[in-house]
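Undergrad: Could you have a look at this structure, given as structure tokens, before my questions?
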Amino acid sequence: MAWYLYAPDWRVLFLPFFIVLAFAASIGAGLWLCALNIEYRDFRYIVPFIVQIGVYISPVGFSSSVVPAQWRFLYSLNPMVGVIDGFRWSLLRGQVPIHWTFMLASIGVNAVFLFSGIWYFRRMERSFADVI
């Protein structure tokens, strides 16, 4: 921090919230992929392509502001859009604006993804020993 002459401001207090949101997204996706991988053996070959597509549709290498306004809500249904935009907003002192309505949509999709992943994993784990 002192080396780069950069001091974070009050927005850095939101960083733990975005970390929890990232964990929720990864746990939800992990539970879904784990259960599907055990149920369908060939699913493991599809997972790298799913991850690669996820990286390309998430704002990792570009800003969310380049997405046209007419597609922005549909784009915000990607669970990682809110997480990545939140990290940028909190670490770059608000230089990247955060759209709270799109953030709420991303949080909602994360919650649905997490709870449906838990539900699906719990439902399928009864038959895991039979399949393995």
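Undergrad: Among the residues that make up the range 94-116, is at least one of them over 16 Å from A25 (Cα atoms), over 19 Å from the mean Cα position of the chain (by Cα) and part of a helix (DSSP H, G or I)?
TA: no
Undergrad: Now for a separate question. Quick one: count up the residues across the range 24-47 that are farther than 14 Å from S127 by Cβ and touching an Asp or Glu at 6+ places or on another chain (Cβ under 9 Å).
TA: Qualifying residue count for the region: 0.
Undergrad: Within the range 84-106, how many residues turn out to be basic (K, R) and either free of Cβ contacts under 8 Å to residues at least 40 places away in the same chain or open to solvent by less than 40 Å² (accessible area, probe 1.4 Å) (or both)?
TA: Going residue by residue through the range 84-106, those that are basic (K, R) are 88, 93.
Restricting the remaining residues to those that are either free of Cβ contacts under 8 Å to residues at least 40 places away in the same chain or open to solvent by less than 40 Å² (accessible area, probe 1.4 Å) (or both) gives 88.
Residues that pass the stated criteria total 1.
Undergrad: Examine the range 65-72 for a residue that is in contact (Cβ under 8 Å) with a residue 12 or more places away in the chain, in contact with a helix residue (DSSP H, G or I) (Cβ under 6 Å, 6 or more places away or on another chain), closer than 30 Å to P8 by Cβ and not basic (K, R), and state whether such a residue exists.
TA: no
Undergrad: Could you give every pair whose Cβ atoms fall below 6 Å, whose first residue belongs to the range 9-31 and is under 16 Å from V47 (Cβ atoms), and whose second residue is open to solvent by less than 40 Å² (accessible area, probe 1.4 Å), counting only separations of at least 6 or pairs across chains?
TA: Every condition considered, the pairs that remain are A25/P79; A25/N110; G28/L114; G28/G117; L31/G117.
The values are calculated or read from the model by the stated rules, or taken from the named source; none is laboratory data. Keep in mind that what you see is a predicted model, and the values were worked out from it rather than measured. With ideal geometry, Cβ positions are generated from the backbone for all residues, glycine too; neighbour counts draw on all protein chains shown. Accessible surface is based on the protein model in full, side chains and every heavy atom, while ligands, DNA and RNA are left aside. Shrake-Rupley method; radii C 1.70, N 1.55, O 1.52, S 1.80 Å.
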